[in-house]
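K.L.:
Sharing a structure below in structure tokens format, with a few things to ask.
Computed from the coordinates by the stated procedures, all read-outs in this text should not be read as laboratory data. These numbers were taken from a predicted model, which means no experiment stands behind them. So basically every Cβ, Gly included, is an ideal-geometry build from the backbone, and we count neighbours across all protein chains shown.
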Amino acid sequence: MVKKSRIVAAVAILLIAAAGVITFEACNKKNEVVNNTKNKNIVTISNNDDMDGYLLDLRKRMKSATKDGEAMSLSDAEWALTALENFGLCDGSKRSTDMIVDTVFTKIMINDGNISLYELNLAYENNKRQILEKFNSLNGNDKSIYLIKSTIDDSSKNGTAEIRTIISMRNGGSMPNPMRFGPTDYWYDFNEKGKCGPYEGQCIGRDATIEMNSKVLTNLPQYGCVNNGRVYFTDIDYHGITSWDYYGSCPDSPYEGCCLYFNDYNYNRCLSPSDLNWYLDKILECMDDWVSYYNKYIVSFDLRADEITSIKQSVPDLWVMDFDLGNIHCTHQPMDD
């Protein structure tokens, strides 16, 4: 992330965490929540910044840049590229519980840790071409690009860096999904073994981890803009949490005292609806805590199974939550096509 003098004054926040000291710089204030409807999943926002103006000016400078002209640091370039891609190509108001995720790669020339706006413009145009190729290959009639995240790897020693861009796309709406686990939701924890208990043998190919991920996504908010604007995200931060991070922190947990599910017995366990709803509530509580702590919004979420060690086991051990927090903006600008 990067501080931008043309946006609302940046705020540096020093966060003291168990893992160490983290420095966080926000480019602008969190946008005002002007309405929470009766459906708690819909959050309507109104801008209180001029992010559109900054990004439009940046695109103008990039298009007119020369090879030996204005440059910026790698971290600034990474922030700018991701912000411009979301501003120009995405609609963050349209999220699905079944997102299509793809990745594209682009090379960019660097000079002593800096990237010229000329090279950044070339990278943006090349990325945009690849992203739209991926998007246009989707066959659905109700599709949109939800989120784009670009990172720049400067480990190369030959004057080039690689840009890795992850695209999350929506291709049609989600199937209706209850917000809670119901009386028939008895699921094996891992390995896509399907339902268990009285429903043994049903729904092979899914498991408690997959079902929990879908339930959390159903409960997370979707965003809208006042006056029907288009939503886009900036200042996107990745966070990862595992069951180990909360080991023993929830003595009332159904298993092992973990706030996130944990199973080190190397066999699949049957989780009941009450077990699953307990973990669902704990995950949503955790998400609320992180949103409040960082003063940002949940942009993406993924729950997956993992193993404690690098040794391959027949059954995973724990849950891992990968999620992004970011700032939300509304725009009435047309998309960049």
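K.L.:
Work out the FRET efficiency for S274 and I42 from their Cβ-Cβ distance, taking R0 = 41 Å, and round it to the nearest 0.05.
P.N.:
Working from the Cβ atoms, E equals 0.90.
K.L.:
Can you pull out the chymotrypsin sites (Phe, Trp or Tyr not before Pro) in segment 228-337 that DSSP calls coil and that have at most 12 other Cβ atoms within 10 Å?
P.N.:
Y265, Y267
K.L.:
Would segment 47-133 count as rounded, prolate or oblate if I go by the C-alpha gyration tensor, calling it rounded below 1.5 in a/c and otherwise prolate when a/b exceeds b/c, oblate otherwise?
P.N.:
Note, shape of segment 47-133 comes out oblate.
K.L.:
Could you give the length gained by full extension between S137 and D302, i.e. 0.36 nm per residue of separation minus their alpha carbon distance, to one decimal place?
P.N.:
Taking S137 through D302 to full extension adds about 57.0 nm, to one decimal.
K.L.:
Counting other Cβ atoms within 10 Å, which GluC sites (Glu not before Pro) in segment 187-241 have at most 16 and lie in a DSSP loop?
P.N.:
Those that pass, being in a loop and sparsely packed, are E192, E200.
K.L.:
Near the amide H of I110, under 5 Å away, which other amide H atoms are found, from residues 5 or more places off or on another chain, if H is placed in the peptide plane?
P.N.:
The list, which skips near neighbours in sequence, is T160, A161.
K.L.:
Would you mind calculating the gained length between S64 and M335 on full extension (0.36 nm times residue separation, minus the Cα-Cα distance), in nm to one decimal?
P.N.:
Gain in length upon complete extension: 95.6 nm.
K.L.:
Over the Cα atoms of segment 223-337, compute the convex hull volume and normalise it per residue, giving Å³.
P.N.:
162
K.L.:
OK, next. Note down the nm distance, to one decimal, between modelled labels 7 Å out along Cα→Cβ at L74 and at D57.
P.N.:
Between L74 and D57, the simple spin-label model gives 2.8 nm.
K.L.:
Let me ask another. Kindly provide the trypsin sites (Lys or Arg not before Pro) of segment 74-153 that DSSP labels as loop, not H, G, I, E or B, and whose Cβ sees at most 16 other Cβ atoms within 10 Å.
P.N.:
Those that pass, being in a loop and sparsely packed, number zero.
K.L.:
Something else now. Between D102 and W290, what is the label-to-label distance in nm when each label sits 7 Å out along the Cα-to-Cβ direction?
P.N.:
2.7
K.L.:
Can you compute the equivalent ellipsoid semi-axes for segment 149-244, i.e. the square root of 5 times each eigenvalue of the Cα gyration tensor, sorted largest first and rounded to whole Å?
P.N.:
For segment 149-244, the semi-axes come out at 36, 23, 12 Å.
K.L.:
Residue-wise, which Karplus ³J(HN,Hα) couplings in Hz belong to segment 213-224, taking 6.51 cos²θ - 1.76 cosθ + 1.60, θ = phi - 60°, and x for glycine or proline?
P.N.:
So the Karplus estimates, Gly and Pro as x, are 4, 5, 5, 4, 4, 5, 7, 6, x, 10, 10, x Hz.
K.L.:
Still on this structure, please answer the following. Find the centroid of the Cα atoms in segment 86-108 and in segment 246-309, then give the distance between the two in whole Å.
P.N.:
27
K.L.:
When only C-alpha pairs under 8 Å and at least 6 residues apart count, what is the relative contact order of segment 154-262, in percent?
P.N.:
Computed value for segment 154-262: 12 percent relative contact order.
K.L.:
Here's a follow-up. Report the net charge of residues surrounding F323, where surrounding means a beta-carbon distance below 10 angstrom and charges are Lys +1, Arg +1, Asp -1, Glu -1.
P.N.:
Summing Lys/Arg as +1 and Asp/Glu as -1 gives -4.
K.L.:
Whose amide H sits under 5 Å from the amide H of C196, counting only residues 5 or more places off or on another chain, with H placed in the peptide plane?
P.N.:
Close amide H contacts, sequence-distant or interchain: Y186, W187, Y188.
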